[in-house]
1. What FRET efficiency do you get for B:Glu313 and A:Ser285 if R0 is 45 Å and r is their Cβ-Cβ distance, rounded to the nearest 0.05?
2. Using the Cα centre of segment A:55-163 as origin and beta-carbon charges of +1 (Lys, Arg) and -1 (Asp, Glu), tell me which of A:Ala80, A:Tyr160, A:Ser138 is placed farthest towards the positive end of the dipole.
3. Quick query: amide H of B:Cys171 versus all other amide H atoms, modeled in the peptide plane; which residues come in under 5 Å with a sequence gap of 5 or more or a different chain?
4. What's the angle, to the nearest 10 degrees (0 to 90), between helix A:243-254's Cα axis and the longest principal axis of chain A?
5. Please work out whether chain A counts as rounded, prolate or oblate from its C-alpha gyration tensor, where a ≥ b ≥ c are the square roots of the eigenvalues and a/c under 1.5 means rounded, while otherwise a/b larger than b/c means prolate and anything else oblate?
6. From the phi of every residue in segment B:303-320, what ³J(HN,Hα) in whole Hz does the Karplus formula 6.51 cos²θ - 1.76 cosθ + 1.60 yield, where θ is phi - 60° and glycine or proline is x?
7. Please turn the phi angles of segment A:136-146 into ³J(HN,Hα) values with the Karplus equation 6.51 cos²θ - 1.76 cosθ + 1.60 (θ = phi - 60°), one per residue in order, whole Hz, x for glycine and proline.
8. Measure up A:Lys309/B:Lys37; A:Lys79/B:Lys22; A:Lys31/A:Lys157 against 29 Å on the Cα-Cα distance and list the ones that go over.
Protein chains: 2
Amino acid sequence: MIRTEDITRTEISDLGEFALIKHLTKEFEIKNDSTIKGVGDDAAVIDSKGKRTVVSTDMLIEGVDFDMTYTPLRHLGYKAVAVNLSDIAAMNAIPKQITVNIAVSNRYSVEALTELYAGIYLACQRYDVDLVGGDTSSSPAGMFISITAIGEVDSDKLVYRSGASVHDLICVSGDLGSAYSGLLVLEREKVTFKANPNYQPDLATFDYVIDRYLKPEPRMDIIKFLDQKGIVPTSMIDVSDGLASDVMQICEASSVGCEIYEEKIPIDYATTMVCSEFGKMLPVSNALNGGEDYELLFTIKQADYEKIKDSAEVHVIGHITEANMGMMLVTPQNTTIQLRAQGWTGKDDE
Amino acid sequence: MIRTEDITRTEISDLGEFALIKHLTKEFEIKNDSTIKGVGDDAAVIDSKGKRTVVSTDMLIEGVDFDMTYTPLRHLGYKAVAVNLSDIAAMNAIPKQITVNIAVSNRYSVEALTELYAGIYLACQRYDVDLVGGDTSSSPAGMFISITAIGEVDSDKLVYRSGASVHDLICVSGDLGSAYSGLLVLEREKVTFKANPNYQPDLATFDYVIDRYLKPEPRMDIIKFLDQKGIVPTSMIDVSDGLASDVMQICEASSVGCEIYEEKIPIDYATTMVCSEFGKMLPVSNALNGGEDYELLFTIKQADYEKIKDSAEVHVIGHITEANMGMMLVTPQNTTIQLRAQGWTGKDDE
């Protein structure tokens, strides 16, 4: 069981709000020319230099989006930033700034928040993003993280969900279903741990899928790859709710249909292993409905196929059809079944 | 006691996340040319046209920042937007877009959220602001509202907290202490109501102070007035934590001291009435330490005095001194006492 330890415990109330924010953000230096003013005034100041500014926001809630039993605070901070940067990537834009609002109950110490911010810092460092604002408040129960990410892109390179046309190829990066497989492993360990708190599991076999769930990476490398190849996708979305739901978002926004080839969906061996260990579970179901993979799902013109066909990280999984053809999954047996979005079960616990 | 009634109750889970956001945002139309794309993709798209973009974010938490016993949902939605727009105003900028993240427990119905969004809509309408993103999640307990506001300003009109110089005049808009007085009245009514749920108070006498607390207005009119008069303040902040704390923010950021004349601090008659009714309470204490007035506190060059001296809404309350003179309050008896920031008691309940 992964746990964070509080060796020293400083109460948040001992520091006060202003000192706390200063303490948490003192390591964050500004990296982008466009960031004129960061933390410390009523608002941050950004210079857009004639580019398009893109803005995305997301909230992560303890007990809904994450479970403290198996989520190290540092990973949580990293992931909270990563999922917002992933939305910026899905616009074909480069993230530049974030604001972070956090509310925590008095169960959390200053040391705990420092751990969380260490993860936020790591993500900012890795992706050259400036933290430019936000506050830390008290919550009656649990932890709430609300992040807004700001990015920029030349207006002619901006990609919406709505630009897919008939015959476009549907591509996805990396592999799908592994994050959800990681969650399944963590949930199983949690049950075992509750029954026997001395239980020390060997999770090494599951390292990959657990990392995929706990510490997703926004696929900025794919955005750079596409740019280098001179490709502007016709539509794009990040896979947060599962392939089925997200491809449907593209089809609905673009007023088109699609055919996805089941055997083309990239699934990692580790995902297959989890499914086989858990029994009665199809890897493709995790890919279609698991979600939280934060891979990029996009469509390109057929003319661009030559430019991506040798990439190990981009997989063509289908093509766009007329809207009246519906959204279909073609099985290895060549039968077509209608795609259904079951959504991300982790979020449907209302 | 102000209460909202749920005549019909639709469970949020009956609608689902996508349908809920569509339902809540369907009335919001785009008003600003700079808003290229609003709700409905991975991120919003903004065209800054060479101006500075300013970004501010704030979180309101049930039981910490607001009490549902006396906060109508429509007012809450309005206030959540208003306090963020106030931060944009404090940069001398014009707010253009907001994103709204909301988390609610299943105690709240779709009708309740619709009321909240009616208030958000009203604020957006009044201040010509576009809602461009955000999501609605479930919370294990209570309501959390996290809003990010984006504004724009010419780079030569941008105002920080840090620009005040010795001899500058310290000005404040409107009146101070009334919002906190309103909160005191509401808190007293809550106690009375708990003791006797059939109690129907006559709050008409306190209408002004209650409105100041429940439904603050960002002082965009002051920003326009300053612009018309050709004044760019040397520093500015909005009064959210109380005059004492906020003037200290300006002095610390600008490395200067100040003298504030107690008798120049604008206090409404209604605030004086509340203090007299509650006994042993000085109106000036509410002004100095109450907070949440969302007035603008700013400094101007002495040369600009002629331009503001006839305004009924702008009051000169003191001047900037050398840092080594400290931050002082001059009483009507001409004694000087050091300013202390006691902060906003409503937020220090950690």
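1. According to the calculation, E is roughly 0.10.
2. A:Ala80
3. Under 5 Å from the amide H of B:Cys171 lie the amide H atoms of B:Phe298, B:Thr299, B:Ile300, B:Ile317, each far enough along the sequence or on another chain.
4. Result, in degrees: 70.
5. oblate
6. 4, 8, 4, 4, 6, 10, 5, 9, 6, 7, 9, 10, 10, 7, 10, x, 8, 8
7. For segment A:136-146, the Karplus curve yields 10, 10, 8, 10, x, 7, x, 10, 10, 10, 10 Hz.
8. Too far apart for the 29 Å limit: A:Lys309/B:Lys37.
Bear in mind these aren't lab numbers, they're just calculated from the coordinates by the rules spelled out. In this text, all values refer to a predicted model and were calculated from it rather than measured experimentally. Reconstructed Cβ throughout: ideal geometry from the backbone, glycine too, with neighbour counts over all protein chains shown.
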